[in-house]
Amino acid sequence: MADDTNTGAADDAVDNTPVVPAVTDQEKDVGNMARTEFEKRQWDGCLKFLDRLVSVRPTDPKVIHNKCVTEYYQSGLRSTDEFLINLAKVCELAQVNMADIDSLDDVDHCIVYYNQAVVNYHTRNFGKALTITEKLYTFLEPLDESLSKRVMCLLAELYLRTLQPEKAIAIINGLEKVIFAKKEGSEDANTDNSISEKQSELWKLKLSQYKVQSLLMSRSMKYCKRELKSVPSSTNDQCSIYVRANYEYLRGNFQKAMRILNTLPPPSNPKKLTDVSSVLYYNNLACIHMMLQKHSLGSFYFKKAITENEHLGKELKLDSLGHGISGKPLFVLPMSRHFELLYNTGIQLLHCGNSLSAFDCLVEAVKVYSSNPRLWLRLAECCIMHHKKNNDNDRTLEKRLRVIHDIIGSGLNRKIILGNGKGEIRPCAESAAMPAATLEFAALCLTNALQLLDNAESLATQKLKEELGENANSNISEKILVPAPPSLPMKAYEVSQLRCSILANSAYVSLLLDDYTMALQFSESLLAQDHLSAAHKYLAILRVTLSPGSPVSRPQIPCSHVYG
């Protein structure tokens, strides 16, 4: 709750802000009693005292705000729509323009902005929540200690949600200094040592979990291993178990990751509506089996995860995006993992060779994760696989003989005349923009993937240069992290590999669409890549030779590419 006292009216500013009378000693006592009842979670008693304050201070935005917050808690955090309406009224009363974040210049208004950011966070409006919280972070010094810690925790969460682990680590380190510096400075104070030690241990565990998540996201495995030592291995905390399993998963120790997952304690209340542990458990188990090349088991567990998620959504009456605010507790709104599960299931089905089902899943996922270039590549791969799952049919004698036009001569003088090959006339698709498992749509997906990858890489490089400033050097490209939600951010070598895969697929699709000019351009671009694998080099050279053209106009392939 905000402090019920008020410093008085504004000085000499001429505006429409209502004049708030000075606070009397009796009103201070009522405000303190309301705070006491609020801390005891006695909402009815708190509202009685707040109603008394409202009757004598109807234009005080702090009192009105505290009443709104208390009524929201009294509803079990279910009346979110009503709370947002009341919060807008408080902003109007305090002359606060919530739409203009830069207009925040009064510390007393920070609590209103913070509550707005919390609601945005739980409704998955992370961009707006991050904008508000970053502005609040600039007021950290004059803020109340409890509120400043909450702001820093929320900012760290938002940086993790928006895949910015480097910024999250900086905030976590700052939060650690604030908490334990205060603790060391108050050692001689008359405080309850047992409670202080308990809170200290809880903060240490929470901060360690934040650090491990940030380090895993930035793929700093060496520092992550060191940080994991500070997390007790015997704890029954689910978050600690999941981060340990994730660490082993990223290291490639899939069996060990599975053993750690199986140490999860059973839910204390299996029928509790807010329990999503089964969804997370089945999803993570499916990912491990997929990496173990056990695709049937992976599909089985993904289906179980989707079933559990749908059951949770029906019980909470949530849609696939977690929306439907009215009548639902605030903390259950972001629980739906529908699109993350569809993304994972689509990748698993693609590995199983079920291209059409994979395409249907990924088309739904791309509605939410349209900025992920890797997802667009997977959609194109579904279309390519649907067009031709493998080359076994082309290796039959009948198909191979179609390549030969005629044979002349005999013995050593025998010559084979090659014909037009085994190409077939394809019917023209109606529209490439319509989502369908066609080569035309695959070409569109690959174009999107390449454009998104280039834009994301340039934006990440620009941001990193701005952060480093004068310390930026020539190796800055090795430090960039390109976001690819819902997956972890991609490092520089992963971006390079992804670009090579997109170019190789683009050349192949262009050949199939008889667009030989673009096939040649994509193949040449692929050969020009710095970190080119042997497989991609082979495919690029092969597709250059397959692109029709006169010997004069055909580019010369360097010997280094042929024999390298």
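The values are calculated or read from the model by the stated rules, or taken from the named source; none is laboratory data. Just so it is clear, the model here is predicted, and its values are computed rather than measured. Every residue, glycine as well, gets a Cβ built from its backbone with ideal geometry; the counts of neighbours run over all protein chains shown. We work out accessible area using only protein heavy atoms, side chains counted, and drop any ligands, DNA or RNA first. Shrake-Rupley method; radii C 1.70, N 1.55, O 1.52, S 1.80 Å.
May I ask you to say which residue of ARG124, ARG41 is open to solvent by 60 Å² or more (accessible area, probe 1.4 Å), under 29 Å from the mean Cα position of the chain (by Cα) and among the basic types (Lys, Arg)? Steps first, answer last, please.
Numbers: ARG41 fails: under 29 Å from the mean Cα position of the chain (by Cα).
The unique qualifying residue is ARG124.
Counting residues in the stretch 250-269 that are of a type in the set (A, V, I, L, M, F, W, C), at pLDDT below 90 and crowded, with 20+ Cβ neighbours inside 10 Å gives zero. Annotation: TYR508 fulfils all but one of (1) modelled with pLDDT under 90; (2) open to solvent by 30 Å² or more (accessible area, probe 1.4 Å); (3) among the hydroxyl-bearing types (Ser, Thr, Tyr); the unmet one is (1). Only one entry of ASN372, ASN391, ASN344 meets the criterion of being modelled with pLDDT of 75 or more and open to solvent by 60 Å² or more (accessible area, probe 1.4 Å), and that entry is ASN391.
Residues in the stretch 51-75 that are within 18 Å of PRO21 (Cβ to Cβ) and among the acidic types (Asp, Glu) were compared, and the one that is most open to solvent (accessible area, probe 1.4 Å) is ASP51.
Could you list, in sequence order, the residues of the stretch 82-104 that are farther than 20 Å from VAL63 by Cα and either under 25 Å from the mean Cα position of the chain (by Cα) or open to solvent by 50 Å² or more (accessible area, probe 1.4 Å) (or both)? The answer is ALA99, ASP100, ILE101, ASP102. Which residues, counting only those in the stretch 204-221, are crowded, with 20+ Cβ neighbours inside 10 Å and not in a helix (DSSP H, G or I)? SER218 - this is the single residue of the stretch 204-221 that is crowded, with 20+ Cβ neighbours inside 10 Å and not in a helix (DSSP H, G or I). Given the residues LEU356, LEU297, which is the only one that is more than 30 Å from THR447 (Cβ to Cβ), open to solvent by 60 Å² or more (accessible area, probe 1.4 Å) and part of a helix (DSSP H, G or I)? Answer to the selection: LEU297.
For the stretch 222-249, the tally of residues that are surrounded by fewer than 14 Cβ atoms within 10 Å (Cβ to Cβ) and part of a helix (DSSP H, G or I) stands at 3.
Pairs are defined by a Cβ separation below 7 Å, a sequence spacing of at least 6 or placement on different chains, a first member in the stretch 150-176 that is on the phi > 0 side of the Ramachandran plot, and a second member that is modelled with pLDDT under 95 and assigned to a helix (DSSP H, G or I); the pairs so defined are LEU163/MET217.
Of the numbered criteria (1) part of a loop (DSSP other than H, G, I, E, B); (2) surrounded by fewer than 16 Cβ atoms within 10 Å (Cβ to Cβ), the one LEU140 fails is (2).
If I ask for residues that are part of a helix (DSSP H, G or I) and surrounded by fewer than 19 Cβ atoms within 10 Å (Cβ to Cβ), which ones from the stretch 513-526 would you list? Listed by number, the residues that qualify are TYR516, THR517, MET518, GLN521, GLU524, SER525. Between GLY31, GLY8, the distinction of being modelled with pLDDT under 85 and either part of a helix (DSSP H, G or I) or not hydrophobic (A, V, I, L, M, F, W, C) (or both) belongs to GLY8 only.
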